[in-house]
Amino acid sequence: MVILTGRTVSLQAINSTQNLDITINNGGILDQSTYNFTNTLAALRGNGSLKLSSSSFPAATINTFVSTDGGITEYNNSGTMSATQATYYHLVIRSSGAVIQVRDITLMVI
């Protein structure tokens with residue numbers, strides 16, 4: 001699946017599709033809301049935006065989304081951050097309350 005520039009794809013339910021390969025182009029948005037992917041993604045790539053309203057950062061076999069040229073991860077929730085994702089190059093936290101790290105995270109400055 002490729003999310004094009006200027007487009008937003010919003011999850012409307014928990015997604016159990018297998019072998020998803022997701023690319024979020026610059027200016028594109030994948031809004032997971034409070035939903036998640038129950039299966040590991042084949043790949044998560046691109047340099048668009050991934051919006052989360054939960055701690056459910058998607059697990060991916062290939063994950064270049066969180067690399068120097070990768071995208072923006074935006075947490076829009078009060079509560080815990082992902083327990084599985086530990087490295088972020090472009091991180092935005094928008095919360096009206098406390099956001100809790102459940103493990104050490106690495107914020108890369110480029």
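The values are calculated or read from the model by the stated rules, or taken from the named source; none is laboratory data. Everything numeric in this text was worked out from a predicted model, so none of it was measured. FYI the Cβ positions are ideal-geometry reconstructions off the backbone, even for glycines, and counts take in every protein chain you see.
Applying the selection to segment 16-36, what residues are under 20 Å from THR68 (Cα atoms) and part of a loop (DSSP other than H, G, I, E, B)? Answer for segment 16-36, where residues must be under 20 Å from THR68 (Cα atoms) and part of a loop (DSSP other than H, G, I, E, B): ASN25, ASN26, GLY27, GLY28.
Close Cβ contacts (under 8 Å, 6 or more residues apart or on different chains) running from residues in segment 1-25 that are surrounded by 15 or more Cβ atoms within 10 Å (Cβ to Cβ) to residues that are basic (Lys, Arg) comprise ILE22/ARG45; THR23/ARG45; ILE24/ARG45. For segment 67-104, a residue qualifies if it is surrounded by fewer than 15 Cβ atoms within 10 Å (Cβ to Cβ), over 25 Å from ALA43 (Cβ atoms) and of a type in the set (Ser, Thr, Tyr), and the qualifying residues are SER78, SER95, SER96.
Contact map, segment 82-100: residues that are in contact (Cβ under 8 Å) with a residue 24 or more places away in the chain and under 16 Å from SER33 (Cα atoms) paired with residues that are surrounded by 12 or more Cβ atoms within 10 Å (Cβ to Cβ) and of a type in the set (Ser, Thr, Tyr), Cβ distance under 6 Å, separation 6+ or inter-chain. Pairs shown: SER82/SER55. Condition check: at pLDDT 90 or above, part of a strand (DSSP E or B) and of a type in the set (S, T, N, Q). Does GLN12 satisfy that? So GLN12 does not fit the description; no.
Of all residues in segment 57-72, none are among the acidic types (Asp, Glu), modelled with pLDDT under 95 and within 13 Å of the chain's Cα centre (by Cα). Here SER49 meets the list (1) buried (at least 20 other Cβ atoms within 10 Å of the Cβ); (2) among the small types (Gly, Ala, Ser); (3) at pLDDT below 90 almost entirely, failing just condition (3).
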